[in-house]
Amino acid sequence: MQTDLRGRDLIGDLDFSKEEVETILDVAWDLKMKRAMGEEHAYLRDKVLAMLFFFSSTRTRGSFEAGMAQLGGHAAFIESRTTQISHGDTEKELGEIFGRYFDGIAIRHVDWGIGNRYLNLVAEASRVPVLNMQDEIYHPHQCLADIMTIIEKKGRDLRRKKMVVSWAYASSYLKPISVPQSLILQMPRFGLDVVLAHPPEFKLMPEIMDQAQEQARKFHTGFEVVDDMEEACKDADIIYAKSWGPLLTTQDPVEGKKIQDQYQDWIADDAKMALGKDDVIYMHPLPADREIEVANSVIDGRHSVVFDQAENRLHAQKAVMALTMR
Ligand code: CP
């Protein structure tokens with residue numbers, strides 16, 4: 001067990017070693033049990049987390065804010081548009097100044113080519129941990145909740161279990177690529193054979209693909225890329241099907257939507273779920289475009305674990321905060 005996480009940033013999924021992620025999961029389960037039993041666990045009494053949002057959120061805001069309160073501290077919700085950032089506050093100033101007010105700085109910034117750099121520049125200037133609430137490359141806290149949920153449903157021995165990370169059609173907006181990228185980086189470390197499925201225009205970042213291949217080699221797991229959702233779903237133990245924008249092809253929303261609209265049959269429906277094993281689970285980080293990205297009968301059906309998955313955001317993040325912000 002690697003427990004020395006005090007003061008550490010969590011920006012990319014591989015910032016913490018596998019052993020460190022296992023520690024986070026163990027602490028998360030302990031905190032989950034303590035909450036269920038009504039046991040006090042105020043490990044961060046009087047500590048304050050700044051939550052700086054450049055993009056909207058339901059789960060991330062709710063779970064970080066509730067988590068800090070349950071740990072005996074407080075979370076300050078700060079929307080970037082209500083700050084002086086657009087009038088000149090730099091990343092260095094944010095890091096220096098918020099690092100002196102707060103005990104941790106959590107940031108969501110998903111703008112293409114900007115968000116991850118922003119987080120890293122704040123972290124360079126900050127004396128307190130910087131936690132990534134999603135940027136355009138990574139969504140590490142979502143991924144921690146995801147592996148926690150998979151272990152709860154499938155057990156700790158995940159060797160030879162098939163996880164499908166599939167693109168799905170959505171009509172609402174071009175969603176970030178950070179969730180599938182985090183998944184392909186983290187899941188091989190836990191023994192899962194990952195199959196990534198997407199239409200040709202929906203490639204992930206080449207450097208992330210290389211790192212995912214490297215993790216798969218290191219942990220002796222499978223990592224395959226296919227362009228057929230049905231082929232991918234065959235014999236799956238886990239189907240994690242969500243939309244993302246064709247952002248490596250175009251960042252133009254109109255052009256991107258035109259590309260996206262060609263693939264409306266990429267929906268997680270009963271027929272796709274039936275291709276998986278009988279006990280296959282359906283995962284999605286939410287929000288989902290219902291009846292477009294996923295059929296109601298799937299997201300509300302017997303295979304779906306989306307509410308347990310959303311709940312685990314709370315426990316996993318509390319573990320990260322308790323370990324890094326003490
Ligand atoms: N899954 C997730 O990050 O949800 P929000 O965008 O609502 O925070």
Inset, instruction - Considering each residue of the stretch 91-123, count those that are surrounded by fewer than 13 Cβ atoms within 10 Å (Cβ to Cβ) and over 27 Å from P253 (Cβ atoms), and give that number. - result: 2
Inset, instruction - Sort out which residues of the stretch 100-131 are touching a helix residue (DSSP H, G or I) at 6+ places or on another chain (Cβ under 7 Å), of a type in the set (D, E, K, R) and closer than 24 Å to S56 by Cβ, and write them in order of number. - result: R108
Inset, instruction - Please give the helices (runs of 4 or more DSSP H) falling wholly within the stretch 232-318 in which 3 or more residues are surrounded by fewer than 16 Cβ atoms within 10 Å (Cβ to Cβ). - result: 253-260, 270-275
Inset, instruction - Determine, yes or no, whether T249 is out of contact with any Pro (no Cβ under 7 Å at 6 or more places or on another chain), among the hydroxyl-bearing types (S, T, Y) and more than 19 Å from A145 (Cβ to Cβ). - result: yes
Legend entry - Filter result for E65 (acidic (D, E), in contact with a strand residue (DSSP E or B) (Cβ under 7 Å, 6 or more places away or on another chain) and exposed (fewer than 15 other Cβ atoms within 10 Å of the Cβ)): no
Inset, instruction - Among the residues of the stretch 272-286, write down those that are away from the ligand (no atom under 16 Å from the Cβ) and within 17 Å of W167 (Cβ to Cβ). - result: K272, M273, L275, G276
Inset, instruction - Scan the stretch 1-46 for residues that are in contact (Cβ under 8 Å) with a residue 12 or more places away in the chain, part of a loop (DSSP other than H, G, I, E, B), among the hydrophobic types (A, V, I, L, M, F, W, C) and buried (at least 18 other Cβ atoms within 10 Å of the Cβ) and jot them down. - result: L5, I11, L44
Inset, instruction - Kindly indicate the residue of the stretch 1-45 that is of a type in the set (S, T, N, Q) and assigned by TED's automatic domain parsing to the domain that holds H74 and also farthest from M68 (Cα to Cα) among those meeting that condition. - result: S17
Legend entry - Positions within the stretch 47-74 being within 15 Å of the ligand (Cβ to nearest atom), in a strand (DSSP E or B) and without any contact (Cβ under 8 Å) to a residue 60 or more places away in the chain, in sequence order: L52
Inset, instruction - Would you be able to say whether some residue in the stretch 162-181 is within 14 Å of the ligand (Cβ to nearest atom), in contact with a Cys (Cβ under 6 Å, 6 or more places away or on another chain) and either at pLDDT 95 or above or not aromatic (F, W, Y) (or both)? - result: no
Legend entry - Given (1) within 16 Å of the ligand (Cβ to nearest atom); (2) free of Cβ contacts under 8 Å to residues at least 12 places away in the same chain; (3) farther than 26 Å from G245 by Cβ, number of the condition F77 does not satisfy: (2)
Inset, instruction - For the stretch 81-93, name all the residues that are outside any helix (DSSP H, G or I) and of a type in the set (G, A, S). - result: G88
Inset, instruction - Go through the residues of the stretch 94-108 one by one and say whether even a single one is assigned to a strand (DSSP E or B), free of Cβ contacts under 8 Å to residues at least 60 places away in the same chain and basic (K, R). - result: yes
Inset, instruction - Look through A212, A197 and report the one residue that is over 22 Å from A170 (Cα atoms) and among the small types (G, A, S). - result: A212
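The values are calculated or read from the model by the stated rules, or taken from the named source; none is laboratory data. Small disclaimer: the values here were computed from a predicted structure and weren't measured. Neighbour counts are summed over all protein chains in view; Cβ atoms, including those assigned to glycine, are modelled from backbone coordinates with ideal geometry.
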